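All remarks here apply to the structure that follows.
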Amino acid sequence: MKNMIIEYDVNEAHIAKVNQQYGDIELVPDDSGSYAMVMAGLKAHREVRLAIEAKRKANNEGARTYIKANDARGKELHALNDPGEARLKAIRKVEDDRIEAIQLKAERIERERVEGILDRIKAMEFAESIEDTASSIKVVMDKVADTMIDDSFAEFKEQAVQVKKDTFEILFVAHQKHLAHEERLAEQKAEAERLEKVAKEQAAAQAKIEAEQKKIADEKAKIEAAKKAEHERKGREAFEKKVKADAEQAARDKLVREALERKEKEEAEAAEKARKESLRPDKEKLIVWAGSLWKCIAPGNLPELVSGNALGILEKAESGIRTLLNSIRKDVEAL
């Protein structure tokens, strides 16, 4: 396989010639001639690479062995050509990056220049100042008036002139409005102070009158208090006498009531005792009779039954008798 001869449209001599022609090229910044040489070198290497690939692919249409030899030959030739191409690409990239950096810097500088001018124009608007006092608005008006519109505003000079004019007019109107408002406030304040003074004088006079009225009222209240105290003393003495008399009558009434209650209680107890004594024979008879009923359901006295129905009747009767006997016991005890 190593001895196979693979024919290519380019060979080592051709590639060596390209490497020799462009191998020492150095790119000089801002030098269009050296940049063109780099581009020409890249073109030559690219043509060699494309020719190699085109021939390699054409040769690969043969047998597998030929393809392997062909690929190996292509790699050998690539190894000779590719470093030179890569070197020139790297050189070009350095210059392209440098140019891009210069362009970006120029764009940034231009953007900052425009933004700086627009910020200066915006600084003249002072829209927030129209809500301040007349004196503070006047300070801003003077500041706007003193702002010089020169060539440093460049292409925005006309816009700056218009903004300065519009802002000054807005501030002038606001200044006049605030002046009038502040004059009204001053007049209102003076009137309020005058009314406050009158009110204080009237309040002092009224306080003096009220003090005299209070003195008279206090004297009158002392006299009324003395009369009231005497009246209350007499009323309290009469009340205490009535309370004492009522208490004595209540004690007498309590003694009579308690005597009657004791008599009624003794009579009730005697009547209850007599009633129980009169019912004792019947109570004893009922107790004896109930005992005879208990004997009917006592163990050994119940009939011996076999059928389920008969046993159910017997259990029901026994339960009814027990319930009846409990009821009789309670009623007898209540007699």
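The values are calculated or read from the model by the stated rules, or taken from the named source; none is laboratory data. Keep in mind that what you see is a predicted model, and the values were worked out from it rather than measured. Note: ideal-geometry Cβ built from the backbone for every residue, glycine included; neighbour counts use all protein chains shown.
Within segment 173-187, count every residue that is in contact (Cβ under 8 Å) with a residue 12 or more places away in the chain and either outside the structural domain of THR133 (by TED's automatic domain parsing) or under 14 Å from VAL140 (Cβ atoms) (or both).
Going through segment 173-187 one residue at a time, the tally reaches 3.
With the condition kept exactly as written, say whether any residue in segment 99-112 is in contact (Cβ under 8 Å) with a residue 24 or more places away in the chain and either assigned to a helix (DSSP H, G or I) or not basic (Lys, Arg) (or both). Break it down stepwise before answering.
Pass one, segment 99-112, residues in contact (Cβ under 8 Å) with a residue 24 or more places away in the chain: none.
Looking for residues that are in contact (Cβ under 8 Å) with a residue 24 or more places away in the chain and either assigned to a helix (DSSP H, G or I) or not basic (Lys, Arg) (or both), one finds none in segment 99-112, hence no.
Assigned by TED's automatic domain parsing to the domain that holds ASP30 and either modelled with pLDDT under 85 or in a helix (DSSP H, G or I) (or both): is that true of ALA79 in this structure? Even if it seems obvious, please write down each step before you answer.
Details: assigned by TED's automatic domain parsing to the domain that holds ASP30: yes; either modelled with pLDDT under 85 or in a helix (DSSP H, G or I) (or both): yes.
Against the criterion (assigned by TED's automatic domain parsing to the domain that holds ASP30 and either modelled with pLDDT under 85 or in a helix (DSSP H, G or I) (or both)), ALA79 qualifies.
Could you please give the count of residues in segment 298-310 that are modelled with pLDDT of 85 or more and surrounded by 11 or more Cβ atoms within 10 Å (Cβ to Cβ)?
Residues in segment 298-310 being modelled with pLDDT of 85 or more and surrounded by 11 or more Cβ atoms within 10 Å (Cβ to Cβ): 1 in total.
Only one of (1) outside any helix (DSSP H, G or I); (2) at pLDDT 85 or above is not met by GLU61, so which one is it?
For GLU61, the exception is condition (2).
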